[in-house]
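Nothing in this text is a laboratory measurement; each read-out follows from the coordinates by a stated rule. Keep in mind it's a predicted model, so treat the numbers as computed, not measured. No Cβ is skipped: glycine too gets one built from the backbone with ideal geometry, and neighbour counts run over all protein chains shown.
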Amino acid sequence: MLFPTVEFALFFPVVLALSWLLMPRQALWKPFIVVASYVFYGYASWRFCLLLGAVTVVNQAAAVLISRTSGERARSWILGAAVAWDLGVLGVFKYYGFFVENWDRALGPFSLPVPLLTIALPVGVSFFTFQAISYVVDVKRRLVEPASTLDVAIYLSFFPHLVAGPIVRAREFLPQLQAPRDPTRVAVGSGIALIALGLVKKLAIADTLARTVVDPVFAVPGAYSGPDLWLAAYAYTAQIYCDFSGYTDMAIGLALLLGFVFPQNFRSPYRATGFSDFWRRWHMTLSRFLRDFLYIPLGGNRKGRWKTYRNLMLTMVLGGLWHGAAWPFVLWGFFHGTCLCVEHAWHGRVRFPAWLRWFVTFHLVVFGWILFRSTSLEAAGAFFAGLMQPGSATLFTLPVALMILVVIGLQLLPERGVERVQVRIERLQPVVLGVGLAVVIALVAATVSSQGVAPFIYFRF
């Protein structure tokens, strides 16, 4: 179920009203929100609910066993089994076909007959498996106590963040379940403002750029000349930001209306002056997950320069593979890992002006997005080859150019000024914000194509 759809517009008001009614009564509210979340998730397929339930039960059992086990080695074995289960679920549903195809291609006539099965990819499997891993690891590290099974079910299925994040850590979410929510203290203004902002980003900007420029060019890059390819690259840079951050804005806003606070996931990523800075601003919850559960356990930067480079590269390649079972994602992760290694090697040795660091970083990020969006390595190669091909910009229009400039330009403004404007909007009376949201919905609906709302980009991860 997509947020900006008629189905969700019917679903959420009912859930919100009943949630506010039941908030003071935890014994009723908790099972209600689990049922509502499973209804939301099962709208795609009821079979996905079985998988989500299995992941919940297995990780809760592991967390309880870890807490009751005194020996550190035994605790580690239990944790390893739980993580292996989570990664196994992710591997079977997301990577089975990818590895079988590449295994057959690599070995040719010598490959073993491994059946190529058609397995439906459950929506959001990458997100809820990562959250499950964070729960059992935090229990093992004694950062959080095992919660009740009902609380864990809420944590893993809570519908605002279930299918596309942000990746909320157990120690951020579970404490919020300890006391009943108070409907009178819900941040209604902030929630409505974020939902309106997310709708504009997704429907008015991201989907428009995708429909008019990005999808046609990336589908057949050889049919377009250099100016159109450059336009499509910049357009996708704006589209993916508006699409994913728009979803995040809506998710955080919906959670606020339900009385929960999620961590920030984006902070003007296109103003970054380096790749370390970029990953502190882009998909911040994934960045800290990879840092805390992969980069640091591998050794981080504590074991010398070359092992630091190895750890950076492994983290980013696996981060790229997490985004999808395809070689362009792997190469995208390798590219970001290489840039981080070069940046680390130059740190403190070479000084460049801030504007130059921004300019180079931004265009390398754009280069990376071409890999990320391409359907194959061959398509990426055709796109890069065509960038220098002379011709006219047949897809250039003033609205498209303004959208790209506004999306990127607003991120270059002083951050404090933007935050002040946002705070002032969020402090408006809920009635005013409600009317504003209605106006936004009406205006956005007028711009939506007859094809309907496109799925969020990160739904397929």
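Let's test the formula: R0 of 30 Å, r as the Cβ-Cβ distance of Ser45 and Val261. What FRET efficiency results, to the nearest 0.05?
Computed FRET efficiency for Ser45 and Val261 comes out at 0.50.
Would segment 188-455 count as rounded, prolate or oblate if I go by the C-alpha gyration tensor, calling it rounded below 1.5 in a/c and otherwise prolate when a/b exceeds b/c, oblate otherwise? Let's see the in-between values first.
Working: a/c = 1.82, a/b = 1.19, b/c = 1.53.
Cα axes put segment 188-455 in the oblate bin.
Provide Asp249, Asp292 in ascending order of the number of other Cβ atoms located within 10 Å of each residue's Cβ, fewest first. Before the final figure, lay out each step's value.
Numbers: Asp249 23, Asp292 15.
Listing Asp249, Asp292 from fewest to most nearby Cβ atoms yields Asp292, Asp249.
Would you compute the Debye intensity of the chain from its alpha-carbon atoms alone, equal scatterers and no solvent, and pass along log10 I(q)/I(0) at q = 0.07, 0.14 Å⁻¹ to two decimals?
Each listed q corresponds, in turn, to -0.38, -1.58.
Mean Kyte-Doolittle of at least 1.6 plus a Cα span of 24 Å or more along the axis: flag which DSSP H helices in the chain meet both, please. Walk me through the intermediate numbers first.
Details: long enough: 6-22 (25 Å, 2.16); 46-68 (34 Å, 1.31); 72-90 (27 Å, 0.64); 226-257 (46 Å, 0.65); 305-323 (27 Å, -0.09); 327-346 (28 Å, 0.77); 354-373 (28 Å, 1.27); 430-447 (25 Å, 2.51).
Membrane-span-like by this criterion, though nothing is claimed about a membrane: 6-22, 430-447.
Which order, highest average first, do 302-313, 149-160 follow once you tally other Cβ atoms within 10 Å for each residue and take the mean per peptide?
Details: 302-313: 15.2, 149-160: 22.3.
So the peptides 302-313, 149-160, ranked by packing, come out 149-160, 302-313.
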